[in-house]
Structures are given as C-alpha cells and as structure tokens.
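The values are calculated or read from the model by the stated rules, or taken from the named source; none is laboratory data. Bear in mind the structure is a predicted one, so any value in this text is a computation, not a measurement. Neighbour counts are summed over all protein chains in view; Cβ atoms, including those assigned to glycine, are modelled from backbone coordinates with ideal geometry.
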C-alpha cells in the first residue's frame, strides 16, 4: 500500500532526541503529528526558485481508501497554494517499470520539485540521483536510511506500526498463544517493515504465528482469507493486521459465523473504528495519518521558498485504544474516512458525509 520506510527505534528517537520546532521553522503537520528525527537540515535557499512552480508526485500505486484520501489531501493543499502553478500526480499501479518511467517523465518535464513514494527504494535510486543532479529537490515519501540521496524524507508507520500491534497482542495474550498475521501487498517495502516490527515484538514470548496470509490491505480479499481460516478450524487467540480494512472484514466473518471474538489489531479507518465500537472487541489502532500527503507537499513548497527543512521526519502519535476510541470515531461520516485528517471540516463533510 505504501512505500518503504525504516522505523525501528524511531519512536524512542522522537521521544528522546528529536529537536523541537522553533517558531520560525516549517510545520509540515499540526498537533504533534510530525516530528523531525535528526538535527541535520537542508540549507536555506539551496533550492529556492521563483513561482509559479510545477511539483510532480510519483506514487507506487492506488488500491485502498487510505491512499485515495492521502492523495486527495495532497491535491487539496497544493490547490490552496497560489505559488503552485501545476501539481502533477502519477501512480504506477504497483508496477516497478512504470514507476521508473513515471519518474523519468517528470524529470524530463523539468518539474521544480519531485515527490516520490517508492514501491521499493533500490528501484528508484537512479532516478532520484538524476533529479538531484538536475537541481530538482527530491522529497521521499519514506525513510530510506541512506539508500536514497533524497533532499528530505518523510514518513510514518513502518516497524513502529507493527510493534504497536504486536505488543498489544503480547499483552492481551499474556505472552502465549497462537495468532494469525494478515499482511498487505507482497513485495511492498512498507508491508515488509510493518510485519518485521510485529515479529520483533513477539521475540522472547511463547506466541506462535499459526497462519500468515497476504490480504493486499483489501476488504474483499481479507474477508475471503479470513473465512478460509475460520472454516479450516485452525486455532487462533489473536490476530495482527497490517491494515484496518482487513480487520473490519475479519470482524464481519467472526460475527457472521458466530465464532467468539479474539483481540484484533486495527488502524485509524472510520469504518473499522465504528465496527470496533459496536462490536466491543479489544483492539489498538496505530495512527497512520493521510496528512502525510500534505506534509510532503508542504516540504516541497518550503524548499522552493528557500526555507530550511530537516533531512528526515516521522509521524508517530500515540495509538487509538479502547480508552480513547470515542474521541476518533465519526458516526456522521462514511467508512472510507481516515483519521486524523488535515482537510477542513467543510471538505470532510463534502466528501465523507454519510
């Protein structure tokens, strides 16, 4: 669903070592949703250009409501800025060759800034280097830990996402039992990192992964896979999910078949939050804001305005739990809405009102 990111230990880094934004520094997201994770900065004026600007964004693919909302929020914030003459968004349908071609096309069109959400970092290294060599700042939707020569890198999720869910299950199961793992799109870096964080969180416990499937972050596929597992009679004490649409699907399966609920991890999707609230299951939802879309656009604007930005940022706010669920669920909105959103309330109502 989303590009590669390396997040191991970033939650501790954010809490203990990240610099605090000064009043004159760029705010990519409000309310503590985005934190710089290094003191290294891109020098002021290095990429400064006179507007209007053309900003290009290459994303790995679309296929779920989180990505759709993230793109909508990115396009909205770009449309509100009169200095952006054109915002070009292209997606590669999760085809590596197409993403390479898309990036090369944007570079040929001489965009003023290039945003890339890679399917995998090695795939786009040559194109990132080419853009930098051409004087085009590259804002990476992901944290590559030096694999890419990005101007700045911005992300959330990753191993931190998997860790939150894994530690929740470990606690709920008392460190023993059998769990199922519902993964995302095979081969996508973000999927791998979420799973790695989950697996590491179980180390030293007596929890076993009894079944592992790839549900593509998709409700329909997740439901079919969950039905297969339930009907197979395989034991399960808890379920880890790499995305909430699969969680919502599995809750529906458990309810339809009369199988007793077990703890299941989720995500900040309104459809899932409503089902969570109604079903009364034990769950936790790592927060992966679609505001990452506006954040990368704001970073591009800041660079073109000549403002200094940090080399890396990460979004890792506290998760949604049974205790604070009521603060996030929106009964007035449809299931496709993801929290927290950066869209103004009138836009939220226009797009997501039930």
**Request:** Considering each residue of region 91-100, count those that are part of a helix (DSSP H, G or I) and exposed (fewer than 15 other Cβ atoms within 10 Å of the Cβ), and give that number.
**Result:** 1
**Asked** What pairs come up if the first residue lies in region 20-47 and is under 17 Å from residue 155 (Cα atoms), the second is at pLDDT below 90 and not in a loop (DSSP other than H, G, I, E, B), and their beta carbons are under 7 Å apart, counting only those six or more places apart or on different chains?
**Response** 35/14; 37/10; 37/13; 37/14
**Fill in**
All-but-one check, residue 13 against (1) under 30 Å from residue 200 (Cβ atoms); (2) modelled with pLDDT of 95 or more, failing number (2)
**Item:** region 76-96: number of residues that are in contact with a strand residue (DSSP E or B) (Cβ under 7 Å, 6 or more places away or on another chain) and in contact (Cβ under 8 Å) with a residue 40 or more places away in the chain
**Value:** 4
**Filtered residues of region 102-161 (kept if assigned to a loop (DSSP other than H, G, I, E, B), out of contact with any strand residue (DSSP E or B) (no Cβ under 7 Å at 6 or more places or on another chain) and at positive phi)** = 110, 135, 145, 146, 157
**Prompt:** What do you reckon, is residue 60 outside the structural domain of residue 220 (by TED's automatic domain parsing), in contact (Cβ under 8 Å) with a residue 24 or more places away in the chain and out of contact with any helix residue (DSSP H, G or I) (no Cβ under 7 Å at 6 or more places or on another chain)?
**Reply:** no
**Prompt:** Just a yes or no: is a residue in region 237-250 assigned to a helix (DSSP H, G or I) and surrounded by fewer than 24 Cβ atoms within 10 Å (Cβ to Cβ)?
**Reply:** no
**Fill in**
Taking region 113-140 and the residues there that are under 22 Å from the mean Cα position of the chain (by Cα) and surrounded by fewer than 17 Cβ atoms within 10 Å (Cβ to Cβ), the one that is modelled with the highest pLDDT would be 125
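Please go through region 252-271 and pick out each residue that is in a helix (DSSP H, G or I), buried (at least 19 other Cβ atoms within 10 Å of the Cβ), touching a helix residue (DSSP H, G or I) at 6+ places or on another chain (Cβ under 6 Å) and modelled with pLDDT of 95 or more.
Matches in region 252-271: 253 only.
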